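Down below is the structure, laid out as structure tokens.
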């Protein structure tokens, strides 16, 4: 992912855009990066994910690097008092425990694990390298863009009828909870799909009740959208092919930050009503390949298409959360 400083991120409107004007900006949430200084000499890189849990409480994953499926060096927990987040290692106050403080734009702390060391980190905003990608001039269909003035042109409700989702300034559309999923009016077979999305700030919710939605290729094969920032990265979390395959790595960004899916989908090959070649999918989440040429043996949960077909709609799921989408286009492949 492309990295910028938090100051630049604020200027670009990333990681600080809120879905309601009266919501506070979470100064602690997000990615942090810096160095560990070992008392006996030497430095090494360190990163952290600060994850809001609601009511001023947080979990923090201390990691050796971003964008890799590696175990946390330590998991901290703590609460905010007087604009300062005070953290201690989760599950114990043993002598080897990590501890830290986040205040004034800095995350500092220490650990006696192995040998005495101190660390210092600054907040960073890491952006997808495919953010703002433009559709090809040939074989490209724009389903949602800056010039979109009426969702009904390209979208309809899953069960029929006009769109009920909100069209916001700049060509963004927002799920209206419990209004029904949306599907494209046009059907596609082999395709390359670009989707940008962000989920809301819902720190007190947990599991599937936190920024839930989904992108369904041909209305049948779901790539999950969920606030999974800092989680393990399972098949029912962001980037997962629901109940079929977990992502290679959890690339979920913090809530409120725009993210990208770039999906190459090869439709099932049919002989009449019989599937002679299963559909396949390659998925990049925020520019990182999380599935590669993955065979999809069946439709995922919530499909609107009971049987495999050579073409189908693009469906965006209403799962009762005000997830936002923008810059959606599809390149039809031969």
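Read-outs throughout are calculated quantities, based only on the coordinates presented, and are distinct from any laboratory measurement. Because the structure is a prediction, the values reported are computed rather than measured. Neighbour counts are summed over all protein chains in view; Cβ atoms, including those assigned to glycine, are modelled from backbone coordinates with ideal geometry.
Things worth noting here:
- Mean residue ellipticity, 222 nm, helices only, the chain: the sum of -39500 (n - 2.57) across DSSP H runs of n ≥ 4, divided by residue count and rounded to 500, is -500 deg cm²/dmol.
- Value of relative contact order over the chain, rounded to a whole percent, pairs C-alpha under 8 Å and six or more apart: 20 percent
- Here residue 101 and residue 133 are evaluated by their C-beta separation; at R0 = 35 Å the FRET efficiency comes out at 0.35.
- Protection proxy ranking of 35-42, 326-333, by the mean of other Cβ atoms within 10 Å over each peptide's residues and highest first, is 326-333, 35-42.
- Label-to-label distance, nm, for residues given as residue 208 and residue 186 (7 Å Cα→Cβ offset): 3.3 nm
- If the chain linking residue 295 and residue 273 were pulled fully straight, counting 0.36 nm for each residue of separation and taking away their Cα-Cα distance, it would gain 6.1 nm.
- Simple spin-label estimate for residue 305 and residue 45 in nanometres, 7 Å along Cα-Cβ: 4.1 nm
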